Every structure is written in C-alpha cells, then in structure tokens.
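Beneath this line is the structure, given in structure tokens, with notes to follow.
Bear in mind these aren't lab numbers, they're just calculated from the coordinates by the rules spelled out. None of the values given here were measured: they were computed from a predicted structure. Here the Cβ positions follow ideal geometry from the backbone for every residue, glycine too, while neighbour counts run over all protein chains shown.
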Amino acid sequence: MFCPCDIITKMKFIDSTLKDNLTRDRLRMGASIAAVVALCLLMFMCIYTLLDSKAREERARRNAQADVLMDQAEAAAESARQDAEESLLAEEMAAEMAATSSSEETVNQLAPNIASETEQETNPIEQEETTPGGEGETQTEETAATTTADPNAVEEFYAVVYASGDINLRTGPGTEYDIVRLIHVGERIDVTGRTGSGWYRTYSGNFVLMSLTSEEPVATTAAATSATTAAATTAAQTTQPRPTTPPNSEGNTAGSADTSGMTYYGTCHITFYGPQPLSDGSWSTTTATGTSCSEGRTVAADWSIFPAGTTIYIPNDPLGGDGYYTVEDRGPGVAGSHIDIFANGSHVVTDCDVYIVN
C-alpha cells in the first residue's frame, strides 16, 4: 500500500544528496582556482627574478664601462699635464741656453786675447795670411759663438795658458774620457779651442780643464828656470851675434851626430802637436808652407827666428829619431824660443838644445 510518508522521506534523501554533490563541486572549483592562482604567482616570481638579474648585469656592465672611460680620461689628463711640464721645461732650458750663448758671444767680442795681441805686436810677420788648414793659419776675425745647444761644441780660440797644478790631459772634454798623460804644474799649454762646458782643446787635439789653468806663468822652480833661460837667450840674440859653437862641451856632444859646422842656437821649449781640426769635423795635416805634416820631419817655429825651410838639429831627439827637422809650419802659439814638433801620439813637453844646420 502506498504511503505518502515514504515519498516525503525519499524527497528529503534526494535533496540531501544534491546538496552534498554541490558542496563537493564547489570545493573542487575552489581548489582549481587556488592552484591556478598559485601557479600564476610562481610564474610571476620567476619572470621577475629573471628580469631583475638581467637588469643587474646591465648595470654592472655599464658601471665597468664608466670606470674604464674614467681611467682613460684621467690617463689622458695626466699625459697632457706631463707634456705641458716637459714643454715648459724645454722652453726654460732653451731660453737659458740662449741667454748663456748670448752672454758668451758678448764676452768673446769684448774680451781681448792678450796673448794673441802680444804675439802679434812682437812678431808682425805672423799677421800675414797663410795657407788654410795648417797650424800657421791665423784668424782675421774672432769666430762667432756656437749656436748649437751642445755644451761640448768646440769654439776656435787661440791662447797660451799654464797648468796651475798637476792636471790630466784627456782625449775629450769631460772626466769620463781617457787620460793621455799628466801635465805638471807650470807646464805651458798651447790652446786652439774651448767649449762651453769649461774645457780647452790643445794643439794635440786633447783637452784640459780651464779652471785648472792660468793665463800667467805659474811661479815654480822649473818654470822660473825655464823663463830665466829663455829671457837670457832672447836678450843675447838681440844684443850679440849667435855663437857658432855651444857655450860648453856637454851641449856639443849630447847628440848622436857631429854638431861641428852647425850653429848652436840655445835651449828651446819643445812641445808637440797633431792634425788640426777643421770646422766641418775633418782633420788637416797641411802646413803653412803647403806641405803635408810628417812625423820626424815637420816642426813649427817662429819664422822671425827660424825662417821657413830652416833645418834644425835636436840632440837626443824627443821622438827617438835622428834629430833632424825642417821648419815647415808656424802658429800664433809658437813664438820665441819655442819648437813645436808634429807627432801622431802624445809626448812629454821638455826643453832641449837646438842647432841650426848651415
């Protein structure tokens, strides 16, 4: 028998079942939505992290480039500063050298060459023009000061100086050059040039320090004896005829040759010279008489005492030869009882007896 209560009961059961199904569907939908939202957040975080990393790398690269450019700019500024300092220093040095050169030129033009003037007054014949290139070449005007900035450049300058102490004769204008020999106090030095660094060039082509020389003879025993002998000889020449025989027998037998028939002149100061430097840097061996210098034959002398072509004899030849020489050259530094022997090497200055071969 059908009962209405059963129908109501069944309807309530169906309604409860539907509600349970709806609840489960809602839960599933909520879970799905939550999963989708979480996945989106995770993807967003990944994308943000990737972009932030790239932005940091880009910033680091740009900072590195900026540092490199800054270093380059600082280096360029430092280089420009150094160039400016070097240029300023070079200009100051050039101005100083120009002022020094101008001062030296003024001094050279105003300061008289006392030794040269004295020799020209006592020996007027030396003022005559001679063959260029030889030792006897005389200057008609003083050479202008050198325009080069090299302090070791040699300026033509002729004078006679004396060693104020024992000094070294060197191969060049500086203490770094080799020593040729020792020049003793009071020794005469014939000068042919000088440098801005304070060195004299001698007739032999070597150099001595200017500050260690004196324009006046140094009062030493040897120098005083030599000066007295030379003065006595000169006075005897002007007041008495030359003797035909030596004043004592020792001078007559000093050499290896027989001096009979020769005219004994007296004691002369013996020096040595070599090839003469020219302005173009070459060297000349042409004498004032036009011959070529030859070691063992050529000497320079005062032509007012020993005319060109005179044959002289020096006992105990300083060069170790036969002692016979020919007067072929002369120079502003060779005056009076002075014989300058041409030699290729360096020799000790001395005083020797001299004979004139008739």
In nm, spacing of pseudo-spin labels at N21 and N152 (7 Å Cα→C-beta vector): 12.0 nm
Sites S197 and V68, calculated FRET efficiency, Cβ-Cβ separation with R0 51 Å, nearest 0.05: 0.55
Built amide H within the under 5 Å cut-off of S204, gap 5+: G274
Projected label distance in nm at A31 and E78, using a 7 Å step from Cα toward the beta-carbon: 7.1 nm
Cα gyration tensor shape of region 27-106, rounded if a/c is under 1.5, else prolate or oblate by comparing a/b with b/c: prolate
Inter-label distance, nm, simple model (7 Å from Cα along the C-beta direction), L89/S346: 3.5 nm
Pairs of alpha carbons in region 151-217 whose separation is greater than 18 Å (percent): 24 percent
